[in-house]
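Below is one structure; the comments refer to it alone.
The values are calculated or read from the model by the stated rules, or taken from the named source; none is laboratory data. Remember, predicted model here, so these are calculated numbers, not experimental data. Every residue, glycine among them, receives a Cβ derived from its backbone with ideal geometry; neighbour counts consider all protein chains shown. Note: accessible area is taken over every heavy atom of the protein model, side chains too, but ligands, DNA and RNA are not part of it. Shrake-Rupley method; radii C 1.70, N 1.55, O 1.52, S 1.80 Å.
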2 protein chains.
Amino acid sequence: MLTIDPLIATPGPTEIPQRILLAMAKRTTNPDLDPDFFRRYDEARGIIASMVGSSKDNVVVWVGEAMSGLEAAVANLIKAGDKVAVLSNGMFGDAFADLVSPYGGSPIIHRVNYSELLDPDKVRVFLRNEAKEAKVVTMVHCETPSGTLNNLKEIAGVVKSEGRLLIVDAVSSIGGVEVNTAWGIDVLIGGSQKVLNLPSGLTIMVISNEAWDEAERVNYRGFYLNIRLWRNVIEKGEFPYTHSEPLINALLESLRLINEEGFSNVYMRHRAVSRGVVEAVRAMGLKLVPERDEYSSPTVTAFYVPNGLSDVAIREAALKYGALIAGSWGVLKGRVLRIGHMGYTASVNAMVTALTALAKALNDSGYRVKVGDVIEAFLSGVAA
Amino acid sequence: MLTIDPLIATPGPTEIPQRILLAMAKRTTNPDLDPDFFRRYDEARGIIASMVGSSKDNVVVWVGEAMSGLEAAVANLIKAGDKVAVLSNGMFGDAFADLVSPYGGSPIIHRVNYSELLDPDKVRVFLRNEAKEAKVVTMVHCETPSGTLNNLKEIAGVVKSEGRLLIVDAVSSIGGVEVNTAWGIDVLIGGSQKVLNLPSGLTIMVISNEAWDEAERVNYRGFYLNIRLWRNVIEKGEFPYTHSEPLINALLESLRLINEEGFSNVYMRHRAVSRGVVEAVRAMGLKLVPERDEYSSPTVTAFYVPNGLSDVAIREAALKYGALIAGSWGVLKGRVLRIGHMGYTASVNAMVTALTALAKALNDSGYRVKVGDVIEAFLSGVAA
C-alpha cells in the first residue's frame, strides 16, 4: 500500500508544519547587526506577552532546550541555604528537587500520586507548615509522562496569598492551554518543541518584576543561565551572545499562526480534541492514567497498555500504520502509551490518523477494537 | 540598479548556504525516539573526530550558543580555590577570567597586546612562575575582534609539557583552520555560526579522557552545562534533553561538505583567500590590526578605519553595495572593520563581492581607492 510520511503524534517533539520549516529555511542576515532581527524578536515577545498576560519587557527567549530555563529559574532565585517548596505530581515535578540542590537550596517536597492533581487546600497547608520557610515554590503545569494538567490558576493563587515566589514549568502547555502570569507566576518557562511545533532549541521565560528583583539580590554569577543579562536586551541593542535567527523566524511564524486563530480558539480546539481522544480511549476499553477525565491535559493523553501487551510492539505497529505515538518515562515506562495533541496535531485530521493507527495496532496485537467505533467516539467527544 | 540579497561577510554569523538551509527545512521525526536521529548525530561526531584528530566518543554536540561550551569547560574542570592560567591576547581571551570566578576559581592572567600573538616561550615562563599552581589553562585560538590566530600547536605543546589541562576556544577557527587535539587540547570548543555556516544554537566540544576524569573529580553539580551527562549518550540511547533535529541535520550537511572537499583542501582555501584579503587591504592603503601579516587569521581579516572616517558609514555604504561587513568590539569598537571569510565565504567569488563593496564604500566616504587594483591585489594574494 502507498505509504506517506508518518504523523508525529508524540507529546513533543511534535510535527513541524511546513510553514514553520520554511520559516527556518529563510535566508538569514547577521542577527547581531541587523535591526530587523531585533524587530522580529520583539514582535515574538509581544505575542507571547499578550498570550500570557504579561508585558513584552518581561519576556525572554534564549537559545537552549527548555531544561536550561528550568535550571535558570532555580539558579537565579535561590541562594545557598534557601528552602524551596517543590510541588509534585510527577516526574518533572520531582526533577525540580534535583535542580535545587546544586545551587545550595534545600528542597521540601509535597508529592501526590501521578494519577492525581495538586490540591490547592493541601498546598496551602503544606506552605503554612512543612514549607513555611520556603521563599520559592516550584510546580509543573502539564506533567507529560502521566498526561495530567494541574489547576495552575488556583495553585498560583494559593502560593501568592502565602507570599511566595512561584516558578512554573509550562513547557508542555504553553500555547495550548490558557496560562496567565497575573494569576501569580514569577517565572513561567516554556519550550519550543511542544505546542509551538518548533524543534527544540528555544526557551521562553516570562519573568515578573519581583523575580527580577529577587535575582538581583541572589546575584547568581554564572553566565549562560543568568536571566539578569537578558533584561532590556532590545534597549541595549545587544544580546548576551549571538541569537539563532532561523529559530526566531520559526517561533514568530508559530506565534503568528496562534495569534491569527485567536488564543481562546486555540485553547478550545485543544480542549475539544483532547475530549475526543479521551472518549476514543474509553471506547477502546483502555484506562486513562489520570484518575479522572478532567485531570487529563488538553495537550497529551496517557493511557495504560492493555494487560499482557507490549508497548513497544503497539508503537511499532502504529508507526507502520502511519503514526508515531510515544511510550512513557520513569515508573510508567513500558506500562503507558501517550498521544500528543499539540498545536498542529490538536486537530481532527491528525487525531483520526493517530487513533486509526493505534486501533489497528491494537488489533494486530490481538486486542480487538472496532476502528469505526473508536472514530465515532472521538468525533462525539470533540463535538461535545 | 537591480539589487540581490547582500552577502553576509561578517566573522560570524555567516552566510548560510542553501544546502544547509534546506537541510534545516527537512521533515523531522521525534529525535528522542528515532534511532535514525542517533545515527545522524553519530555520523556528525565521527566527521568532527577525524577533523580534529580525536575519537567520536570524545565528541559532544549540544544545544546552546558556543558561550555555553566555554562556560561548561570552566564549570566542569574547576573547583573552588583552583587557580586558572588565563592566556589572552584579546577580548575573548580575557572573557575566560570572568567565567572562572563564578565557579570559585582564581584567574591568573597572562596578557599580551591584541595586535600580537601569544608567545610559547613567555607562556612557559608564566606557567613556571606566576601560574605554577594553575591546574587549568585557557586560551583562544582565533580572536575575532582583532583577527589574530594564535599558534595553537606550539602553545598546546608548552602547556602539556608543563603538565596542565588546556581549554581552547576554537569557536571561530574550527572547520577553517587545522586543529588537532593530539597537540594537547583537553576541551576544544567550537560553535555552529562561524566556519560551519549554521545558525547559532549548537556547541561542539571535544573532551579528552583526562578532562572527563577531572570532571568526575570536580563533580560539578549543575545540569545544563554538565559535560558528564553527555558521555556515551549514543550507547545510553538517551540525551539529557531533547536534541534539535534540524540543527543536527544542518550540521551533518555542513560536515559532509567539508569532508567531501577534504580537510586540508578546506584549510588551504581559507589560507589562500585570507592571503588575498590581506593583500587587498594593503592595496587599499589600510592597516591590518595584527602587527604582522602572518598573525592574521585565515577566517577573518581586521583592519583600521582610515583616519577621520566613520566605521558605521562605511558599513552602511558597503551594505548598499551588496555586502554586510562588521565593525569590532571592546577597545576596537568604532576603530576597526572586519571581513569574515568562513566556510562558504572563504571563496574568491564571495570576497570579490565583499571587497568591491568595501572599496566602493570607501570611495563614497572620500577615501579614494581604485577598485580594480584592489581586486587584482586580492587575486594575486590568493594565487601566491
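Compared with the dominant Cα axis of chain B, that is its longest principal axis, helix B:245-261 is turned about 70°. When the P(r) is computed for the stretch B:206-300, the part past 16 Å accounts for 73% of the Cα-Cα pairs.
Note on chain B: with a GNM built from Cα contacts shorter than 10 Å, the maximum mean-square fluctuation among B:Ser50, B:Ser296, B:Ser208 falls on B:Ser50. Straight-line reach from B:Lys56: taking Cα to Cα under 13 Å and skipping same-chain neighbours fewer than 8 places apart, the aspartates and glutamates in range are B:Asp42, B:Glu43, B:Glu235.
Once the Cα atoms are used to define both axes, helix A:263-283 deviates from the longest principal axis of chain A by about 40 degrees.
For the protein assembly as shown, the 222 nm mean residue ellipticity estimated from helices alone, with every DSSP H stretch of n ≥ 4 adding -39500 (n - 2.57) and the total spread over all residues, rounds to -13000 deg cm²/dmol. Of the whole protein surface, B:Asp98 contributes about 110 Å² of accessible area at a 1.4 Å probe radius.
Per residue, chain B exposes an accessible area of 35 Å² to a 1.4 Å probe, with every protein chain left in place. The same position A:Asp36 in the other copies lies at 3.4 nm from this copy, comparing label points 7 Å beyond Cα toward the beta-carbon, shortest first. Each copy carries B:Lys333; placing its label point 7 Å along the C-beta direction from Cα gives inter-copy distances of 4.9 nm, listed from smallest up. Across the stretch A:211-361, Cα pairs under 8 Å and at least six residues apart give a relative contact order of 19 percent.
In nm, what is the difference between 0.36 nm times the number of residues separating A:Lys79 and A:Lys320 and their Cα-Cα distance? Each step should come with its number before you reach the end.
Details: separation 241, 0.36 × 241 = 86.76 nm, distance 5.08 nm.
Fully extending the segment from A:Lys79 to A:Lys320 adds 81.7 nm.
Taking a ≥ b ≥ c as the square roots of the eigenvalues of the Cα gyration tensor, the stretch B:18-260 is prolate, since a/c reaches 1.5 or more and a/b is larger than b/c. Counting only Cβ charges, +1 for Lys and Arg and -1 for Asp and Glu, the dipole size of the stretch B:18-260 around its Cα centre is about 100 debye.
Under 25 Å of direct C-alpha separation, and excluding same-chain neighbours fewer than eight residues apart, A:Lys132 reaches these lysines: A:Lys79, A:Lys83, A:Lys122, A:Lys153, A:Lys160. On the protein assembly as shown, 51 percent of the accessible area sits on carbon and sulfur atoms, based on a 1.4 Å probe. The residue in chain B that lies nearest, by its beta carbon, to the axis linking chain B with chain A is given here with the distance in whole angstrom as B:Ala25, 2.
In what order, largest first, do B:Asp121, A:Asp57 sit by accessible area if the probe radius is 1.4 Å?
Most to least solvent-accessible, the answer reads B:Asp121, A:Asp57.
Distances between placed amide hydrogens fall under 5 Å for A:Gly105 paired with A:Gly81, all partners being 5 or more residues away or on another chain. A Gaussian network model of chain B, with springs between Cα atoms under 10 Å, assigns the largest mean-square fluctuation among B:Pro102, B:Pro290, B:Pro145 to B:Pro102.
Under the combined filter of DSSP loop state and at most 10 neighbouring Cβ atoms within 10 Å, the stretch B:199-236 retains none of its trypsin sites (Lys or Arg not before Pro). Neighbours of B:Ala73 by Cβ distance under 9 Å: Lys/Arg scored +1, Asp/Glu scored -1, total -3. In order along the stretch B:15-21, the Karplus-derived 3J(HN,Hα) couplings, from 6.51 cos²θ - 1.76 cosθ + 1.60 at θ = phi - 60°, round to 3, 9, x, 4, 4, 7, 4 Hz, and Gly and Pro are given as x. Taking a straight Cα-Cα cut-off under 18 Å and skipping sequence neighbours fewer than 8 places away in the same chain, the lysines within cross-link reach of A:Lys320 are A:Lys360. Taking Lys and Arg as +1 and Asp and Glu as -1, the other residues whose beta-carbon sits under 12 Å from that of A:Ala250 total +2. Our summary gives the stretch A:1-76 a relative contact order of 12 percent, counting only alpha carbon pairs under 8 angstrom and 6 or more residues apart. Proximity of backbone amide H atoms, modeled 1.01 Å from N, is registered between A:Leu202 and A:Gly64, A:Ser192 at under 5 Å, excluding neighbours fewer than 5 places apart on the same chain.
Measure out, as a whole number of angstrom, how far apart the alpha-carbon centroids of the stretch B:1-78 and the stretch B:206-276 sit. When both Cα centres are located, 8 Å separates them. With both labels modelled 7 Å from their Cα along Cα-to-Cβ, the B:Asn180 to A:Ser50 distance reads 5.9 nm. Taking chain B as a Gaussian network of alpha-carbon nodes connected by springs under 10 Å, the highest mean-square fluctuation of the residues B:Asn307, B:Asn76, B:Asn150 belongs to B:Asn307. Buried accessible surface for the B/A chain pair comes to about 3900 Å², total over both chains, computed with a 1.4 Å probe.
Restricting the GluC sites (Glu not before Pro) of the stretch B:214-254 to loop positions (DSSP other than H, G, I, E, B) with no more than 16 neighbouring Cβ atoms within 10 Å leaves B:Glu238.
Looking at the stretch A:18-260, what % of its DSSP beta bridges pair antiparallel, to the nearest 5? That works out to approximately 40 percent antiparallel. How far apart, in nm, are the 7 Å Cα→Cβ label points at A:Lys287 and A:Val312? For A:Lys287 paired with A:Val312, the spin-label model returns 2.4 nm.
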